[in-house]
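Shown next, in structure tokens, is the structure this report addresses.
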Amino acid sequence: MITADTPIKFDRRKLKDSSLLELYMNILKPRMVEEKMLLLLRQGKIAKWFSGIGQEAISVGVASALNADEFILPMHRNLGVFTTRKIPFNRLFSQFQGKPGGFTQGRDRSFHFGTQEYKIVGMISHLGPQMGVADGIALADILKKENQSARQAGKVTVVFSGDGGASEGDFHESINTAAVWNLPVIFIVENNGYGLSTPSNEQFKCKSFADKGIGYGIEGISIDGNNLLKVYETIKTLAESLRENPRPVILECVTFRMRGHEEASGTKYVPKELFDIWGRKDPVHNFEKYLLGEGVLTEEIIEQYRSEVKKQIDDGLETAFAEQMPKPDTEKELRELFKPFIVGESTPSGATTNMRFIDAISNAMKLAMRKHSNLVLMGQDIADYGGVFKITEGFVEEFGKARVRNTPLCESAILGIGFGLSINGHKAMVEMQFADFVSEGMTQIVNNLAKSYYRWGQNADVVVRMPTGAAVASGPFHSQSNEAWFFKTPGLKIAYPAFPSDAKGLLLTAFDDPNPVMFFEHKALYRSITEDVADEYYNIPFGKAKLLKHGTDLTIVTYGLGVHWALELLNTNSDIAADLIDLRTLAPLDMETIYESVKQTGKVIILHEDTLTGGIGGEIAALINEHCFEYLDAPVMREGSLDTPVPMNADLEQNFLPKERFKDKVLKLMKY
């Protein structure tokens, strides 16, 4: 077991002097950059800094040992990854200052960015989610190798976690999935003794993170994270092995954080003697001393290297300081929320087949899988079993288990894998067995998928299918309408069709779109409605509502099962002449069609199955009031389900749903 008292024993093995000098230069750079950043912090020239002093050997050893085309997913104490990958200092310094020359155009902070050019995917503040992303990147590498020459060398992915972050559920989900799927991922745990101020004995019970490996059926290794050569040789050996024999490994690197969580938090909670003990194990000074003793390094070379690095730092700072801060541009900010994508509405002209809603979904997925050879489907029980609704029945026979993948019960990791696949050149579909279960993966959706393109230009080519809704007597946890959870999150597109033909066309568009799409499918419609649907591949653009009925008395705005409730009302009450608008997509939202109708009828009601409070109808009502006030002859009305959980009993459920109250409110609106 590695402890603070374990001496650093360097072993150069067969490394040439030139390789040792390169490693020395690599570890010198982040130390000197940090020393400069701490000085600038005291001068008020940068706002915040997360120090990795004392931990540099891990980042530098990892980045030095991997091939340049292999992805690394670092955290905020891994400056050495960025410098060893040779990112120009001026770009790093611009990133630290929130300037356009960085990687996020001022939209995110120091190390919260990624770059395809340098094969780095930065963290988000939630710490754990990047581990699932690493799984997805590794899965994409395996799929690429299977599709190409078997003799082609494999690749390995490395992802970092701290000892504190290893307490998160994503840690378990991601390692377990990587183990089940034999993904070539090295999960590095930088065990520096503290999660912010919380010591290890209040974070976990195990003696070493290597002990966790046996629980997943994988290797667990613990090494001295302050020994640069040990980190380098360990990563190099593991990477060579994993490229030939893909599998995950947990690698604990024992180290110590010599400064606060970030500079403002200080270190008063850490016993002073620990700094003295670990100070003697400083990775830079010890490696330097070793190389001097080996005759590889001289004082002259040290001075030369320091002079070179100082000049690079000074030149980079001069360039970054001279750069202007980004000028706010509202149009640009909104435009760069999504990767550009334009699709026209295609009018199918060929043969048709009478399809149920569920058949149209299945047919669209088959056509998308045939068109996009890089599309991977993932979900619980979707392979041989065909999914709980049998939508993917027969898919394994046509597309194989590599592309139609059963997953463990771990929504967050699988959504992260979807993002990782996208980063590494694939498309992904993640099926929530029931939309209710998506709460287990909220961070991945609203913080990774939704924000990545805006933050650093990386689109998330992921479709999340959501079997949703009540009216099937399934109770509180299999019946929720949760589209509003995502409606308020910028960066997500949302589709919610009501008919088989729309379901097919919109789903095909979702698969073509390189941006994240939440695709809602009402379970009560799966087998209850049919329609003649074109057999061919066709697209329906997002953001284009459909006027199903025309009338002058009032406007009804709805979507999903609400469309069929409204149709039933209008078909059984011929005296009500209404414009019936099926939104079809909720983000983007076709407000122009709504405004045009309201200006003609002067009365409007918005219907949705979701609970009334906080539902999408409130936002639509506010927009109508803002843009059509002078045309209104009555208050804008809404109707939704009761503000309670969804009850299981059929009678209670019908009372919960807004169908009957909607009829009453329409009649009330007619009287104005």
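The values are calculated or read from the model by the stated rules, or taken from the named source; none is laboratory data. What you see is a predicted model, and the numbers here were worked out from it, not measured in a lab. Positions of Cβ are backbone-derived with ideal geometry, glycine not excepted, and every protein chain shown enters the neighbour counts. For accessibility, only protein heavy atoms count, side chains too; no ligands or nucleic acids. Shrake-Rupley method; radii C 1.70, N 1.55, O 1.52, S 1.80 Å.
At-a-glance table
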read-out: Amide H partners (placed H, <5 Å) of ALA587, local residues excluded; value: ILE494
read-out: Additional length obtainable on full extension of the chain from LEU15 to SER439, 0.36 nm per residue less Cα span; value: 147.7 nm
read-out: Gain in span if fully extended, PHE341 to ASN201, counting 0.36 nm per residue against the direct Cα distance; value: 45.4 nm
read-out: Reachable aspartates and glutamates, given that their alpha-carbon falls under 19 Å from the alpha-carbon of LYS29 and they are not under 8 places away in the same chain; value: ASP17, GLU56, ASP282, GLU288, GLU299, GLU300, GLU303, GLU308, ASP314, ASP315, GLU318
read-out: With DNA, RNA and ligands ignored, accessible area of SER349 (1.4 Å probe; Å², nearest 10); value: 110
read-out: Exposure ranking of SER452, SER528 by accessible area [1.4 Å probe, largest first]; value: SER528, SER452
read-out: Projected-area mean, the range 95-170, by convex hull of Cα positions, square nanometres; value: 6.4
read-out: Interchain or long-range residues, amide H under 5 Å from SER641's placed H; value: ASP610, THR611, LEU612
read-out: Tensor-based shape of the range 482-615 (alpha-carbon gyration tensor, a/c under 1.5 rounded, otherwise prolate or oblate); value: prolate
read-out: Reach of LYS668 by Cα under 26 Å, taken over lysines that are not fewer than 8 positions away in the same chain; value: LYS546, LYS549, LYS599, LYS603, LYS659
read-out: Carbon and sulfur %, accessible surface of the chain computed with the full protein complex present, 1.4 Å; value: 50
read-out: Neighbourhood charge, 12 Å Cβ-Cβ cut-off, centred on LYS14 and excluding it, Lys, Arg +1 and Asp, Glu -1; value: +1
read-out: Relative contact order (%) - criterion: Cα under 8 Å, at least six apart; region: the range 84-215; value: 17
read-out: 3J(HN,Hα) from dihedral phi, the range 77-94, Karplus parametrisation 6.51/-1.76/1.60, rounded to Hz, x for glycine, proline; value: 10, 10, 3, x, 5, 5, 6, 5, 6, 6, 5, x, 4, 4, 6, 4, 5, 5
read-out: Net length gained if the chain between ASN649 and SER528 were fully extended (0.36 nm per residue, minus Cα distance); value: 41.5 nm
read-out: Antiparallel bridge percentage (DSSP; both residues within the chain; nearest 5); value: 20
read-out: Part-to-part distance (alpha-carbon centres) for the range 2-50 and the range 384-407, which is given in Å; value: 49
read-out: 0 to 90° range, to nearest 10: angle between helix 411-423 axis and the chain longest Cα axis; value: 80
read-out: The chain, helix-only ellipticity at 222 nm - DSSP H runs n ≥ 4, -39,500 (n - 2.57), divided by all residues, nearest 500; value: -12000 deg cm²/dmol
read-out: Tensor-based shape of the range 25-151 (alpha-carbon gyration tensor, a/c under 1.5 rounded, otherwise prolate or oblate); value: prolate
read-out: ³J(HN,Hα) computed for each position of the range 329-341 - Karplus, 6.51 cos²θ - 1.76 cosθ + 1.60, integer Hz, glycine/proline x; value: 9, 4, 4, 5, 4, 6, 5, 8, 6, 10, 5, x, 7
read-out: With Cα atoms, 0 to 90° folded angle of helix 283-294 axis to the chain main axis; value: 40
read-out: Rounded to whole Hz, the Karplus (6.51, -1.76, 1.60) HN-Hα couplings of the range 301-309, x for glycine and proline; value: 5, 4, 5, 4, 4, 4, 5, 5, 5
read-out: Surface accessible to a 1.4 Å probe, per residue, for the residues of the chain, Å²; value: 40
read-out: Helix axis angle, 228-244 relative to the chain longest principal axis, alpha carbon, degrees; value: 50
read-out: Alpha-carbon centroid distance for the pair the range 186-220 / the range 414-443, whole angstrom; value: 26
read-out: The range 469-513: trypsin sites (Lys or Arg not before Pro) in DSSP loop, at most 16 other beta carbons within 10 Å; value: LYS488
